[in-house]
1. Can you give the FRET efficiency to the nearest 0.05 for residue 97 and residue 30, using r as the Cβ-Cβ distance and R₀ = 41 Å?
2. Please give the FRET efficiency for residue 143 paired with residue 69, using the beta carbon to beta carbon distance and R0 = 30 Å, rounded to the nearest 0.05.
3. What number of lysine-lysine pairs in the chain show an alpha-carbon separation below 25 angstrom, given a sequence spacing of 8 or more or placement on distinct chains?
4. Roughly how far apart, in whole Å, are the Cα centres of region 9-48 and region 77-141?
5. Any chance you could run the full-extension gain for residue 83 through residue 182? It's 0.36 nm times the residue separation minus the Cα-Cα distance, nm to one decimal.
6. Among 89, 138, 18, whose Cα lies farthest out toward the positive end of the dipole of the chain, if unit charges sit on the beta carbon of Lys, Arg (+1) and Asp, Glu (-1)?
7. Roughly speaking, what is the stretch gain from residue 112 to residue 134, that is 0.36 nm per residue apart minus the C-alpha to C-alpha distance, in nm to one decimal?
8. Taking just the C-alpha trace of the chain, give me its Rg and Dmax in Å.
Amino acid sequence: TPYQQDNDPQPGNGHGTHVAGLIGAKVNNITGVAGVCDHARIIPIKCGGDPSFSSSVDSGYAGIAYAAALGAKIVNCSWGGPNHSEAEQEVITAVHSIGTLVVAAAGNDSKDQAFYPAAYTGVLSVTASDGLDRKSFFSNYGYSSGIASPGSNIFSTYRDNTYQSENGTSMASPIVAGAAAMVKLKFPTYSP
């Protein structure tokens, strides 16, 4: 059955909730976890289907363009794959030219390989590090990686008002996106 497009995030996969908490969960409220930049405004963009077990991102580049058109200055992409496309690079180039920084996960294949959108020109690619500040065993690495951030055993918000730990460059990327949001709040004239 093909998925129908809608704005309802339910039932959905808990991945996006985990990512959003890392960026902007409220601090000093004696509840749950604290995000990197709790002053960040988060625009959830639905880019996949409804099944809670689904990990497919079918409309990721349309989501990047949509977020930038809404005025997002930083877009986090905790998803990707090994295939390069000039059309996708053009989306990245276009949003970068209007002042949007794209931050993306480098991938979890433990390889020195390009992973997109992280490997596109103009994207800040994030490799995961562990609790000892070493590359996480699962993390991609190499020439397209721009920065490393914690990505092993990361505790954050989850579905149904719960919390859980996850591993992945998907967790490292929003930590960097949250730090970028802090920089943008302090220095609003900075470009991507």
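The values are calculated or read from the model by the stated rules, or taken from the named source; none is laboratory data. Because the structure is a prediction, the values reported are computed rather than measured. For neighbour counting, all protein chains shown are included, and Cβ atoms are generated from backbone atoms with ideal geometry for every residue, glycine included. Accessible surface areas use protein heavy atoms only, side chains included; no ligands, DNA or RNA. Shrake-Rupley method; radii C 1.70, N 1.55, O 1.52, S 1.80 Å.
1. Once the sixth-power term is evaluated, E becomes 0.45.
2. The computed FRET efficiency comes out at 0.45.
3. 9
4. Measuring centre to centre over Cα atoms gives 20 Å.
5. Roughly 32.5 nm would be gained on extension.
6. 18
7. So the extension gain works out to 6.4 nm.
8. In Å, with Rg to one decimal and Dmax whole: 15.7, 47.
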